[in-house]
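The values are calculated or read from the model by the stated rules, or taken from the named source; none is laboratory data. The shown structure was predicted, so the numbers you read here are calculated from the model rather than taken from an experiment. Virtual Cβ from ideal backbone geometry, glycine too; neighbours counted across all protein chains shown. Heads up: the accessible areas ignore ligands, DNA and RNA and are worked out on the full protein's heavy atoms, side chains in. Shrake-Rupley method; radii C 1.70, N 1.55, O 1.52, S 1.80 Å.
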Amino acid sequence: QVQLVESGGGLVQAGGSLRLSCAASGNIIRINFMGWFRQAPGEQRELVAGMLIGGSTNYADSVKGRFTISRDNAANTAYLTMNNLKPEDTGVYYCKAVLRPRSSPYDSIYWGQGTQVSVSS
């Protein structure tokens, strides 16, 4: 079975940094997209950062210049480096992958379990 396992969340003070990781495991042919969506209190889930298989990236305006997404293709793992964190970055961060499992000729969407990021002012 394919799984996404997230780690790296925690409680930090404003101005601090965190690095999230999302590791995909299982029988995977290729990963076409990996990224993070954030669910802040009272807000809709929104795209924070994402990367396509060719390396193209997209960031929410609120995190541009502070967050960087990267990917280790050999390890099927994506990383989100978050610098200069602000209280408004607080929320649950969910990893999402669009990938082709060996068990299917079609792409499938998988979600990680979520990791809490809390930034104090």
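Some points to look at:
- In the context of the full set of protein chains, residues of segment 38-121 present 54 Å² of accessible surface per residue (probe radius 1.4 Å, heavy atoms only).
- Two-site FRET efficiency, LEU47 against GLN1, from Cβ-Cβ distance with R₀ of 25 Å, rounded to 0.05: 0.45
- Simple label model, 7 Å out from Cα along Cβ direction - GLN13 to SER108, nm: 4.5 nm
- Sparse-neighbour loop sites [trypsin sites (Lys or Arg not before Pro); segment 54-121; at most 15 other C-beta within 10 Å; DSSP]: LYS64, ARG66, ARG102
- Note on segment 28-121: with neighbouring protein chains present and a 1.4 Å probe, carbon and sulfur make up 47 percent of its accessible heavy-atom surface.
- Only beta bridges with both residues in the chain are counted; by DSSP, about 90 percent of them are antiparallel.
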